[in-house]
Each structure stands twice: as structure tokens, then as C-alpha cells.
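Heads up, the thing below is written out as C-alpha cells.
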Amino acid sequence: MEGFLWQAFVTLFVIIDPFAVLPMFIALTRNESIAHKRRTALKASVIATILLLIFAFSGDKLLDAMGISEPAFRIAGGFLLLLAAIEMVVAKSSGIRSTTGDEAAEAAHRDDISVFPLAIPLIAGPGALTSIVVLMRQAEEINFLAQLGVIIILIVVLLITYLSLLIGDRILKILGVTGTNVLTRVFGIILAALAVQNMLNGITIVVNSFINR
């Protein structure tokens, strides 16, 4: 179970990527007071947490109601994560884990950016939502403690994200734009490997089901 929980932490940390949110957050709040920045960071983190927890607890039931099998979701989820990983490595926005050009332009004219684009899609984007459903399905096959562990890991990663937003200026000064991009690309490579593994696991389940018939 320890190996699974470590994989869950790496997956959620990499796909949410607390440091990749900083440039957008700093750019959109550069003229705001420190108190306003803190309120925005807190609101965005809380909204993202609620949304991800909803998917964690109800996503599995929704898939069952729609008749979507576990291997199908693993393969589809792995493919989606692979697209997110490619986006991270080549530094191009597809909207999977970041905003598109049109969305960024719209966000620049918003008074409240906590819901969009911070909470969605920068923190709780499609990749993160898919990941938490896949991880909860895998944890369900292990035991209740594994499910609880995934939830705790999710909250820890979101807490790290919130804290990084609070001290975003200092982090960005240390890392710089180049440092942030390097981290994002490294995370992208790790995420690509995890995504391919998810797809292979789904394909393996399908193949084994045919063999055992």
C-alpha cells in the first residue's frame, strides 16, 4: 500500500503542480493588496478542494451509473494525463491543465479570479479531476485505509498549493521563470510515465478478461 500512496502523491503533486500556478496568480493580482491576494488564494484553494473531493467520492458512482468500466476509464484517463504531460514538456497550452489563450484574456478582465481561472482549471483541471477518480478506484481495490490515504494526500497537495500562492512572490524570485519551466518539464516527464502506466494497466485488465473467458 505504501507504494500506491507514494504513486498517488506523485501523481497529484505533478498534475496540480503548485509552482506552475504562480506566474498566472502573480500576473493577475499584481495590482492587488496583500490582503486581497490572500483572500483570493484561500477562496481558490477551498473551491478546488471541494470540487476535487466531490469527484473523489462521487466520480466512481457516476462512472458506474454511465456504464463506464474501470479499464476504459484507466485508458481514457491515462490518455488525458499523457496529453497534459505533453503540454507540460512542450510548454503549449491545450486547456487540460492550464488556460487557453482566450481564457487567459477573459481572466485578465475579471475582478474575481478565484473561481476562474485559479480554482478551475489551474488547480482543479480535467487532469486533476481524472486523476483523483482513477486513484480512488484503485484505492477501493486495496482497502479503506488506501482510500483515506488518497484523500489525505489530496488535501496535503492542495495545502502546499495554497501556501505556495501565499508566498508566490518569494518562490518566483528564487526559481525565476526559467526555474519554474524546468520544474514543469521534469514533472511532465514523470507524469507521462505515470500516464502510460495507467493505460497499460487498463489494457492488461482487458486482455486478462479475454484470456480468462
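The values are calculated or read from the model by the stated rules, or taken from the named source; none is laboratory data. Please read these numbers as outputs of a predicted model, since none were measured by experiment. We place every Cβ from the backbone using ideal geometry, glycine too, and count neighbours over all the protein chains shown.
Tabulated data
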| quantity | calculated |
| --- | --- |
| So residue 163, is it modelled with pLDDT of 90 or more, surrounded by fewer than 21 Cβ atoms within 10 Å (Cβ to Cβ) and assigned to a helix (DSSP H, G or I) | yes |
| Unique residue being assigned to a helix (DSSP H, G or I) and over 16 Å from the mean Cα position of the chain (by Cα) when the list is 188, 149 | 149 |
| Residues satisfying the stated conditions in the range 1-56, i.e. without any contact (Cβ under 8 Å) to a residue 24 or more places away in the chain and farther than 22 Å from residue 169 by Cβ | 2, 3, 6, 50, 54 |
| Filter result (crowded, with 18+ Cβ neighbours inside 10 Å and of a type in the set (A, V, I, L, M)) within the range 58-73 | none |
| Looking only at the range 31-48, and only at residues there that are more than 20 Å from the chain's Cα centre (by Cα) and under 15 Å from residue 112 (Cβ atoms), the one that is modelled with the lowest pLDDT | 31 |
| Evaluation of residue 152 against (1) crowded, with 22+ Cβ neighbours inside 10 Å; (2) more than 23 Å from residue 85 (Cα to Cα) (one fails), failing number | (1) |
| Some residue of the range 54-69 being basic (Lys, Arg) and either modelled with pLDDT under 80 or touching a Phe, Trp or Tyr at 6+ places or on another chain (Cβ under 9 Å) (or both) | no |
| Unique match (being modelled with pLDDT of 85 or more, assigned to a helix (DSSP H, G or I) and either over 16 Å from the mean Cα position of the chain (by Cα) or farther than 24 Å from residue 135 by Cα (or both)) among 207, 157 | 207 |
| Matching option when the condition is over 14 Å from residue 159 (Cα atoms), more than 16 Å from the chain's Cα centre (by Cα) and of a type in the set (A, V, I, L, M), among 82, 51, 28 | 28 |
| Options 150, 90; residue that is at pLDDT 85 or above and not basic (Lys, Arg) | 150 |
| So residue 195, is it closer than 30 Å to residue 28 by Cβ and buried (at least 21 other Cβ atoms within 10 Å of the Cβ) | yes |
| Helices (runs of 4 or more DSSP H) wholly inside the range 11-94 containing at least 3 residues that are not hydrophobic (A, V, I, L, M, F, W, C) | 34-65, 70-90 |
| Neighbours by Cβ (under 6 Å, 6+ apart or cross-chain): first from the range 134-146, farther than 12 Å from residue 70 by Cβ; second loosely packed, with under 14 Cβ neighbours inside 10 Å and at pLDDT below 90 | 142/1; 146/1 |
| Unmet criterion (only one of (1) touching a Leu at 6+ places or on another chain (Cβ under 9 Å); (2) buried (at least 18 other Cβ atoms within 10 Å of the Cβ)) for residue 188 | (1) |
